[in-house]
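Read the structure below first, then the notes.
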Amino acid sequence: MSEENSVVSEGKVVVFHYTLTGDDGELIESSKDSGQPLPYLHGAGRIVPGLEEAMEGKSAGDSFDVEVAPAEGYGEKTGPGPQAVDRSEFPDDVELYEGMGFTAETGDGGHLPLWISSIEGDDVYVDQNHPLAGETLHFAVEVLDVRDATDEEIAHGHAHGVDGTHGH
Ligand code: ZN
């Protein structure tokens, strides 16, 4: 593999480990918890914009820290805040939990992403903000591999696993 082939750019699949902490230094999540590094297709908007931008030009073996402002992460907090919805509005067979994301259909046929912010008895509080909206994100990143995406991955707009063989 030539040097330039291994640099993160559009159309590459990047395999990386990350640890994400919040502004208060609290651990939010780490790919090392599962031991499974995360593959993504660069340039496809599959990871938060600030992290994707920081990945540009990196190569396998690189480690770096990046601070991502809310606007380049999960967005600023917007809207009226959590709204109570009765439990009966959700399907009986779906287990609801705090932080769960889902899509609601709007009256005009659109789709609105929503998250459950809390559950109190039969009141399910839903919010249009991602749970990490408004947070400055601190990523510690370790790039493990940078490879060409397969034609199928490009067509689908996402990575098919670490080695590109987990198609569907
Ligand atoms: Zn696919």
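The values are calculated or read from the model by the stated rules, or taken from the named source; none is laboratory data. Being a predicted model, the structure only gives us computed values, none of them experimental. With ideal geometry, Cβ positions are generated from the backbone for all residues, glycine too; neighbour counts draw on all protein chains shown. These area figures cover heavy atoms from the full protein model, side chains too; ligands, DNA and RNA do not enter into them. Shrake-Rupley method; radii C 1.70, N 1.55, O 1.52, S 1.80 Å.
Miscellaneous remarks
- Options GLU120, GLU105: the member that is open to solvent by 70 Å² or more (accessible area, probe 1.4 Å), at pLDDT below 95, more than 16 Å from the ligand (Cβ to nearest atom) and farther than 19 Å from ALA44 by Cβ: GLU105
- So GLU152, is it charged (D, E, K, R), open to solvent by 30 Å² or more (accessible area, probe 1.4 Å) and over 25 Å from GLU29 (Cα atoms): yes
- Under the condition of being of a type in the set (Val, Ile, Thr) and part of a strand (DSSP E or B), the residues counted in the range 82-116 number 3.
- Breaking point among (1) in contact with a helix residue (DSSP H, G or I) (Cβ under 9 Å, 6 or more places away or on another chain); (2) open to solvent by 50 Å² or more (accessible area, probe 1.4 Å); (3) assigned to a loop (DSSP other than H, G, I, E, B), for GLY164: (2)
- Conditions (1) within 14 Å of the chain's Cα centre (by Cα); (2) modelled with pLDDT under 95: number failed by TYR40: (2)
- When GLU52 is tested against (1) assigned to a strand (DSSP E or B); (2) open to solvent by less than 60 Å² (accessible area, probe 1.4 Å); (3) under 18 Å from ALA140 (Cα atoms); (4) not polar (S, T, N, Q), exactly one condition is not met: (1).
- Test for ALA155: is it touching a strand residue (DSSP E or B) at 6+ places or on another chain (Cβ under 7 Å) and either without any contact (Cβ under 8 Å) to a residue 24 or more places away in the chain or assigned by TED's automatic domain parsing to the domain that holds LEU27 (or both): no
- Among the residues making up the range 78-137, those that are within 29 Å of GLU26 (Cβ to Cβ) and charged (D, E, K, R) are GLU95, GLU98, GLU120, ASP123, ASP127, GLU135.
- Considering residues of the range 123-145 that are part of a strand (DSSP E or B) and within 18 Å of VAL48 (Cα to Cα) only, the residue farthest from the ligand (Cβ to nearest atom): HIS138
- Residues of the range 22-49 satisfying the condition of being surrounded by fewer than 16 Cβ atoms within 10 Å (Cβ to Cβ) and polar (S, T, N, Q): SER30, SER34, GLN36
- Checklist (1) out of contact with any Leu (no Cβ under 7 Å at 6 or more places or on another chain); (2) under 30 Å from THR150 (Cβ atoms) applied to VAL13, failing item: (1)
- Number of residues in the range 74-93 that are open to solvent by 50 Å² or more (accessible area, probe 1.4 Å) and among the hydrophobic types (A, V, I, L, M, F, W, C): the value is 1.
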